[in-house]
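In what follows, a structure is listed as structure tokens, so that the remarks can point back to it.
The values are calculated or read from the model by the stated rules, or taken from the named source; none is laboratory data. Bear in mind the structure is a predicted one, so any value in this text is a computation, not a measurement. Please note: Cβ atoms are built from the backbone with ideal geometry, for glycine as well, and neighbour counts cover all protein chains shown. Calculation scope for accessible area: heavy atoms of the full protein, side chains included, ligands and nucleic acids excluded. Shrake-Rupley method; radii C 1.70, N 1.55, O 1.52, S 1.80 Å.
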Amino acid sequence: MSFHEDRLRTLAPETLKGMRRGIEKESLRVRSDGALSQAPHPPALGSPLTHPHITTDFSEAQLELITGVHGSVEACLQELTWIHQFVYRHIGDEILWCASMPCNLPADNQIPIGRYGTSNVGRAKTVYRLGLALRYGRRMQAISGIHYNWSLPGVTDAQYFALIRNFRRHSWLPIYLFGASPAICSSFVEGRKHELVELSPGTMYAPHATSLRMGPLGYQSDAQSALRVSYNDLKSYAASLDDALTKPYPPYAKAGIRDNDNYRQLSASLLQIENEFYGSIRPKRRIDSGERALHALRERGVEYVEVRLMDLDPFCPIGIWPATCRFLDLFLLHCLLADSPPDTPQEIAAIRRNQQQVALRGREPGLKLQKDSHEVELAQWGGQILSECAPIAGTLDRAHGGGSAHRDALAAALEALRAPDSVPSAKVLHAMARDHRNSFVRFALAESTRHRDYLKSLELPREVNERFTGLADWSLERQREIEAADKVPFEAWRQKYLSHDNLVV
């Protein structure tokens, strides 16, 4: 695979300035002692069903903060900061957990599942989460992360899929550079098989891990690993998900969809809906009300890609630094511009192995990964990719009026390859050892508290506060309207929504 600078030269500065990004950031609400909050989603934050910027993910206690689409990293992170500030004004003494791996968790059935009201669409969201709990357990669903949504004007479906193939091939590199979950609270693995060792009472870790969130203990599914999803084009991608969304999967079918009016899951197929598919990156398209994601993709094509492998940076008050965003921008551009041969089942298997190796052992000296048919050292392969990013970083800096922000982000990544102790996962273990007697929970609670104090000390512009207050009121009213408009029984609605006709164009 080679990178062609002439492709970079065909991109006009206006096209590069048309690059857009948005962020979705999950965080658990915890009590001041570090235990998971049992309180419902605060009404002052609005309705999680309809609010465009503040919702919940799996758990009622798991906030998801969503920015709009932005032309600059600064504007994107400014909005994310404002959302954090508004949230902190309305959650009392609670704290947003700064780490991807959860706090000290209660028994599985005590982790509260998200509630979205009495409408059919609201009930479906809760039933979907009941299905996730049935299939994977609630603890796994309490993991948090950052999704980075990215687009560039004029990119075709075929080009987006070429980008996705390359991103998957190289997904181990951002996991190494930005993984920040080398240790966990032992409550997370209670009763589960794992390869971790005890670091201190209540804390488990892997000595060279970068991102346990992205390893075998994280967002993984044995059932889904049997899926042979092709990223060679939109048609084959959609076709490979089609069966998983419509055909009954025997273990889930055995569990049943409901017991009278108590639903266990939304459907008995391998994937209840498209969102259940765990990938490091996904093609996306905004959907209309009631529309299925796969239908939107088939009908209108790829609008942007969603990068899903980013851990929360526990040292950053909002979970992601500007330099990280800039690195992702230039890395995604590299994935778009480099040659991208079709993927094969063998390569997909190798990609999965590389990702899991780096998640569990990424800082191990001399670690080798599989590239094509041979093995290569992580540092050597990473150095090759980053050297190809150098002209992109310079071009992006020039397109944005000079400065060296992208080249600085690239230089930091190169330094991280040379010095594994400088990556976030190593810094987490170092801080835990230095200040917190090797306790993951003590470390994360201390950092989370520090971030809360910092965010509460910042001034929130009056017009921003008024905007979010207005959105909260509007979202609650909108939820009431949706509930009042429902005329169809939930079971009829569920069957129609999940029908195969809703997936095809």
message = Condition first: touching a helix residue (DSSP H, G or I) at 6+ places or on another chain (Cβ under 9 Å), farther than 26 Å from residue 304 by Cα, part of a helix (DSSP H, G or I) and among the β-branched types (Val, Ile, Thr). Can you find one or more residues in the stretch 356-373 that meet it?
response = yes
message = Please count how many residues of the stretch 243-278 are of a type outside the set (Val, Ile, Thr), open to solvent by less than 70 Å² (accessible area, probe 1.4 Å) and modelled with pLDDT of 90 or more.
response = 19
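Quick test for you: out of 439, 387, pick the one residue that is at pLDDT 95 or above, hydroxyl-bearing (Ser, Thr, Tyr) and open to solvent by 60 Å² or more (accessible area, probe 1.4 Å).
387
Please pick out the residue among 46, 114 that is in contact with an Asp or Glu (Cβ under 9 Å, 6 or more places away or on another chain), among the small types (Gly, Ala, Ser) and either at negative phi or open to solvent by 10 Å² or more (accessible area, probe 1.4 Å) (or both).
Answer to the check: 114.
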inquiry  = List the residue pairs whose Cβ atoms are under 6 Å apart, where the first residue sits in the stretch 382-400 and is closer than 19 Å to residue 169 by Cα and of a type in the set (Gly, Ala, Ser), the second is in a helix (DSSP H, G or I) and open to solvent by less than 10 Å² (accessible area, probe 1.4 Å), and the two are 6 or more positions apart or on different chains.
reply    = 382/173
task = Filter the stretch 387-429 down to residues that are among the acidic types (Asp, Glu) and under 26 Å from residue 443 (Cβ atoms), then give me how many there are.
result = 2
ask   = Can you name the number of the only condition in (1) open to solvent by 20 Å² or more (accessible area, probe 1.4 Å); (2) of a type in the set (A, V, I, L, M); (3) in contact with a strand residue (DSSP E or B) (Cβ under 6 Å, 6 or more places away or on another chain) that residue 378 fails?
value = (1)
request  = Give the residues of the stretch 188-228 that are open to solvent by 10 Å² or more (accessible area, probe 1.4 Å), of a type outside the set (A, V, I, L, M) and not in a loop (DSSP other than H, G, I, E, B), sorted by residue number.
outcome  = 198, 200, 205, 222, 224, 225
ask   = Any idea how many residues of the stretch 9-32 are more than 26 Å from the chain's Cα centre (by Cα), surrounded by fewer than 19 Cβ atoms within 10 Å (Cβ to Cβ) and in contact (Cβ under 8 Å) with a residue 12 or more places away in the chain?
value = 2
task = State which residue is modelled with the highest pLDDT when the search covers only the stretch 473-504 and only residues that are of a type in the set (A, V, I, L, M) and closer than 30 Å to residue 234 by Cα.
result = 498
message = Could you check the stretch 232-242 and list, in sequence order, the residues that are open to solvent by less than 30 Å² (accessible area, probe 1.4 Å) and hydroxyl-bearing (Ser, Thr, Tyr)?
response = 237, 240
request  = Could you list all residues from the stretch 133-172 that are under 19 Å from the mean Cα position of the chain (by Cα), farther than 27 Å from residue 71 by Cβ and surrounded by fewer than 20 Cβ atoms within 10 Å (Cβ to Cβ)?
outcome  = 136, 137
Pair list, Cβ under 9 Å, 6 or more apart: the stretch 104-129 residue without any contact (Cβ under 8 Å) to a residue 24 or more places away in the chain, other residue of a type in the set (A, V, I, L, M, F, W, C) = 126/113
request  = State yes or no: is residue 155 part of a helix (DSSP H, G or I) and not aromatic (Phe, Trp, Tyr)?
outcome  = no
inquiry  = I need the full set of residues from the stretch 240-276 which are of a type in the set (A, V, I, L, M) and assigned to a loop (DSSP other than H, G, I, E, B), in order please.
reply    = 257, 266, 268, 270, 271, 273
query = Looking at the stretch 359-385, which of its residues are hydrophobic (A, V, I, L, M, F, W, C) and more than 17 Å from residue 225 (Cβ to Cβ)?
reply = 367, 369, 376, 378, 379, 381, 385
message = Let me spell it out: the conditions are (1) part of a loop (DSSP other than H, G, I, E, B); (2) at pLDDT below 95, and residue 135 meets all of them except one. Which number is the exception?
response = (1)
note = Of the residues in the stretch 297-315, those that are in contact (Cβ under 8 Å) with a residue 60 or more places away in the chain and either open to solvent by 20 Å² or more (accessible area, probe 1.4 Å) or in a loop (DSSP other than H, G, I, E, B) (or both) come to 298, 299, 301, 302, 303, 304, 308, 311, 312, 313, 314, 315
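Could you please let me know if residue 294 is under 21 Å from the mean Cα position of the chain (by Cα), more than 26 Å from residue 146 (Cβ to Cβ), surrounded by 17 or more Cβ atoms within 10 Å (Cβ to Cβ) and in contact (Cβ under 8 Å) with a residue 24 or more places away in the chain?
So residue 294 fails the test.
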query = Would you call residue 359 touching a Gly at 6+ places or on another chain (Cβ under 6 Å), over 30 Å from residue 15 (Cα atoms) and surrounded by 20 or more Cβ atoms within 10 Å (Cβ to Cβ)?
reply = yes
request  = Consider residue 478 carefully, then state whether it is surrounded by fewer than 17 Cβ atoms within 10 Å (Cβ to Cβ) and under 30 Å from residue 266 (Cα atoms).
outcome  = yes
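Each row is one residue, and each column tells you yes or no for (1) within 26 Å of residue 124 (Cα to Cα); (2) open to solvent by less than 40 Å² (accessible area, probe 1.4 Å).
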residue	(1), (2)
412	no, no
424	no, yes
460	no, yes
492	yes, no
inquiry  = Please verify whether residue 465 is at pLDDT 95 or above and on the phi > 0 side of the Ramachandran plot, treating the condition exactly as stated.
reply    = no
